[in-house]
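Everything on this sheet refers to the single structure shown next.
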Amino acid sequence: MSPQMALPVFDPAAIKKAVAPQLVLDTIRDALIAHAEGRTSVPPPLHMDFPEAGGDCHVKAGWITGTTDFTVKIATGFYRNPALDLPTNHGLVCVVSAHTGQIRALLDDRGLLTAWRTAAAGALITHVMARPDATTLAVYGTGEQARLQATWLAKLRPLGTVLVHGRNQHKAAALCNDLTAHGLPARPASAQQAATADIIITTTPATAPVLNAAHVREGAHVTGIGTDMPHKNELPPALFHRAELIATDDHAQCLDHGDFGHAVRAGATTRDSDIPAGLLLKASVDRPDTAITAADLTGIGALDAALASAVLGRLLP
């Protein structure tokens with residue numbers, strides 16, 4: 001292949017150099033709205049589970065109607081990797097022309113864009129659904145996404161104390177130190193203590209609920225981002241029964257393999273009780289101060305496409 005025809009490949013260092021968080025937030029906000037308005041094409045995701053290795057893989061594709069590119073993304077999560085001195089998440093994004101079908105570039109991002117997309121979606125939806133005066137945040141989980149959810153939400157609203165709940169006390173303490181270094185005072189907390197925060201975000205690969213719905217106080221908001229396969233479950237069905245407002249990033253996906261689907265099958269809520277998360281970004285939420293609200297985010301291929309195109313626009317001349 002001649003140099004002129006070589007496929008561009010960009011690694012995480014190049015992506016980080018070219019892209020600022022505000023571009024990610026703006027792109028994901030617009031993409032969530034487009035998806036809520038039906039201006040996207042998103043096939044069902046392919047997912048594989050590797051229980052012997054403690055891992056899973058997702059293949060997601062998406063396109064926003066009328067845009068230049070669509071994408072196909074591979075994202076993996078192998079949760080025992082830290083013991084092997086390897087990152088938990090990996091993957092890449094293939095950017096394809098929606099006009100010619102030619103591959104324009106490979107973003108060998110090693111999971112970076114998925115992490116940013118997830119952080120932006122979680123922060124945007126959490127900010128718009130939480131009470132305006134809510135400042136106390138609790139994160140369940142101690143990995144990269146827990147850190148990103150806290151630091152990116154702080155870009156959108158002032159936060160006070162961050163409560164960190166994790167199964168590993170050393171990892172929880174390390175995350176608290178990291179968040180404190182970023183200007184977010186943080187301390188470890190039990191599951192029950194964390195459930196009393198004004199804002200709760202769960203970021204784990206759990207297969208059983210990580211919090212008790214009875215411990216969630218009136219007026220709180222809860223966002224779950226870790227349940228992205230049928231066998232995973234972070235938020236208890238009882239939480240959706242208590243919630244006065246439920247948002248999903250994709251109704252069909254969340255019914256199939258999200259916490260919302262678990263709640264529907266348990267009879268805790270009805271299959272039509274949710275609203276598209278993107279619609280909440282178009283108008284302010286009318287919520288009583290005592291209402292509990294919940295968001296179930298399973299990750300949408302169209303958001304990956306929008307972000308990859310925006311990033312590629314900064315990388316290519």
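Summary table
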{"quantity": "Efficiency of FRET from Cβ geometry, ASN168 and ALA18, R₀ 22 Å, rounded to 0.05", "calculated": "0.05"}
{"quantity": "For the range 122-299, share of DSSP beta bridges that run antiparallel, in % to the nearest 5", "calculated": "0"}
{"quantity": "Considering only the chain, percent of DSSP beta bridges that pair antiparallel, nearest 5", "calculated": "50"}
{"quantity": "Protection proxy ranking of 159-170, 228-239 - average other beta-carbon atoms within 10 Å, highest first", "calculated": "228-239, 159-170"}
{"quantity": "Approximate shape of the range 105-219 as ellipsoid semi-axes (Cα gyration tensor, √5λ), whole Å, largest first", "calculated": "22, 17, 15"}
{"quantity": "Linear extension gain, ILE275 paired with ASP49, 0.36 nm per residue minus alpha-carbon span", "calculated": "78.5 nm"}
{"quantity": "Degrees, to the nearest 10: 301-315 long Cα axis against longest axis of the chain", "calculated": "50"}
{"quantity": "Length added when fully stretched, ILE74-GLU244, from 0.36 nm per residue minus Cα-Cα", "calculated": "57.7 nm"}
{"quantity": "All-pairs alpha carbon distance profile, the range 57-150, 5 Å steps from 0, percent", "calculated": "3, 11, 17, 19, 17, 13, 10, 8, 3, 1"}
{"quantity": "Stokes-Einstein D for the range 192-317, Kirkwood Rh over Cα pairs, 25 °C, 0.890 mPa s (µm²/s)", "calculated": "162"}
{"quantity": "Nitroxide proxy distance, nm - points 7 Å out along Cα→Cβ at GLU37 and THR290", "calculated": "3.7"}
{"quantity": "Relative contact order (%) - the range 122-299, alpha-carbon pairs under 8 angstrom, separation at least six", "calculated": "23"}
{"quantity": "Difference of contour (0.36 nm per residue) and Cα-Cα distance, THR135 to HIS231", "calculated": "31.3 nm"}
{"quantity": "Relative contact order of the chain, pairs being alpha-carbon contacts under 8 Å that are 6 or more residues apart, as %", "calculated": "20"}
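Read-outs: derived from the displayed coordinates by stated rules, not from any lab. Everything numeric in this text was worked out from a predicted model, so none of it was measured. Positions of Cβ are generated from backbone atoms using ideal geometry, with glycine treated the same way; all protein chains shown enter the neighbour counts.
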